[in-house]
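Note sheet for the following structure.
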Amino acid sequence: MKPLVDTFGRVATNLRISVTDRCNFRCRYCMPEEGMQWMNRKEILTFEEILRLAKIFIALGINKIRLTGGEPTLRKDLTQLIAMLSPLPGLKDLGMTTNGFFLKEFAGDFYRAGLRRINVSLDSLAPDRFAEMARREAYQKVMAGLDELAKYPIRPVKINTVIMKGFNDDEVLPLVEFARARDYQIRFIEFMPLDGEGVWSRDKVMTTGEILDSIRRKYDLIPKETRADHVPADTFRFVDGRGEVGFISSVSEPFCESCNRVRITADGHFRNCLFSLEETDLKTPLRTGASDAELAELIRAEVWRKWAGHQINLATFIKPERNMSQIGG
Ligand code: SF4
């Protein structure tokens, strides 16, 4: 089958599936304190619908799937979905991004169901600061989850950290040392204008360049991978061999030219870009008798019309209607 290509010649091979828009945290860079108007449960794709779409996407060349949210572990029986997806022929990699709150309970189940990669969001190592960022007293629970995770060969464990100036920009080195001590790969993700409260502004973004400078004051780093490998992160190795650090520089150094990612929202809308202003509803045709071939054509058309990239740095930038928790990272 022809690959999923766009007019710039990029091929989509990496699918992010949001399994819920709900979250038990209220991270400042993502969701308002009062939360969002949650999607009606009837609007959320069932596991069978997700499985059917995943098979169609894999037939179109997708080989990596990442489960996202909101907070994916809030989705009831998520282990079942992992067990349905992980054995799919053609799927090389099944990962998940989580806030870690329920890892203590479910890490083992996720591993046994076939999950092999995990990214855990962690923005502070100080319980009070953690509570300030996530607006939840959950630091100890997340730490207990990371300890539980260590019992299973889910590797690499990546720590996703968003630095907001004025909040946790003084924790870059402590977070780096935490990750080195535990052999995690830490990834600093630039704060993006996708928050539900509209607090984003350029002066709150600690750029990759600034974070690198603060790390290099103490450690020598060598570049590991470049974007030619289609990974969103620029990764560096510590010269002393202890660990790696990655950077997702969507604002200061956009990497759209090599983007291979597409997304399905929890309510079954297909997005060719995190920041796209349009999307294709797959749920309605899925529930009204469309064939796999018809769904594949809708998917192919949506990828074909993918723009060159986000416009955060342009005067024409328009914030998408959905915020991060309604798209899935
Ligand atoms: S902003 Fe859109 S095009 Fe750019 S890397 Fe992200 S998903 Fe890809």
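The values are calculated or read from the model by the stated rules, or taken from the named source; none is laboratory data. Please read these numbers as outputs of a predicted model, since none were measured by experiment. In this analysis, Cβ positions are derived from the backbone assuming ideal geometry, glycine residues included, and neighbour counts consider all displayed protein chains. Quick note on the areas: whole protein, heavy atoms, side chains included, nothing else; ligands and nucleic acids left out. Shrake-Rupley method; radii C 1.70, N 1.55, O 1.52, S 1.80 Å.
Structure summary
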{"read-out": "Single residue of R237, R300, R271 found to be within 11 Å of the ligand (Cβ to nearest atom), among the charged types (D, E, K, R) and buried (at least 16 other Cβ atoms within 10 Å of the Cβ)", "value": "R271"}
{"read-out": "Residues within region 176-195 that are part of a loop (DSSP other than H, G, I, E, B) and open to solvent by 10 Å² or more (accessible area, probe 1.4 Å), tallied", "value": "3"}
{"read-out": "Given (1) open to solvent by less than 20 Å² (accessible area, probe 1.4 Å); (2) over 19 Å from C30 (Cβ atoms); (3) touching a helix residue (DSSP H, G or I) at 6+ places or on another chain (Cβ under 8 Å); (4) in contact (Cβ under 8 Å) with a residue 60 or more places away in the chain, index of the condition P320 fails", "value": "(2)"}
{"read-out": "Scope region 139-169; condition closer than 19 Å to E244 by Cα, open to solvent by 60 Å² or more (accessible area, probe 1.4 Å) and among the basic types (K, R); matching residues", "value": "R155"}
{"read-out": "Scan of region 274-284 for residues that are open to solvent by 50 Å² or more (accessible area, probe 1.4 Å) and either within 16 Å of the ligand (Cβ to nearest atom) or within 25 Å of K204 (Cβ to Cβ) (or both), ordered by number", "value": "L277, E278, E279"}
{"read-out": "Tabulated pairs, region 240-261, first within 30 Å of S201 (Cβ to Cβ) and open to solvent by 20 Å² or more (accessible area, probe 1.4 Å), second among the small types (G, A, S) and within 8 Å of the ligand (Cβ to nearest atom), C-beta under 6 angstrom, 6+ apart or interchain", "value": "P254/G309; C256/G309"}
{"read-out": "Total residues in region 117-161, condition of a type in the set (F, W, Y) and in contact (Cβ under 8 Å) with a residue 24 or more places away in the chain", "value": "1"}
{"read-out": "Failed item in (1) within 16 Å of R16 (Cα to Cα); (2) away from the ligand (no atom under 16 Å from the Cβ), with R216 passing the rest", "value": "(1)"}
{"read-out": "H310, sole failed condition from (1) in contact with a Gly (Cβ under 7 Å, 6 or more places away or on another chain); (2) within 14 Å of the ligand (Cβ to nearest atom)", "value": "(1)"}
{"read-out": "Criterion: more than 21 Å from N14 (Cα to Cα) and away from the ligand (no atom under 16 Å from the Cβ) - qualifying residue of A181, A266", "value": "A181"}
{"read-out": "One residue from F255, F191 being within 21 Å of I65 (Cα to Cα), within 16 Å of the ligand (Cβ to nearest atom) and among the aromatic types (F, W, Y)", "value": "F255"}
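Condition check ((1) of a type outside the set (F, W, Y); (2) free of Cβ contacts under 8 Å to residues at least 40 places away in the same chain; (3) farther than 27 Å from L149 by Cβ) across all residues:
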residue: T20; (1), (2), (3): yes, no, no
residue: R52; (1), (2), (3): yes, no, yes
residue: A59; (1), (2), (3): yes, no, yes
residue: I62; (1), (2), (3): yes, no, no
residue: K76; (1), (2), (3): yes, yes, no
residue: A83; (1), (2), (3): yes, yes, no
residue: T97; (1), (2), (3): yes, no, no
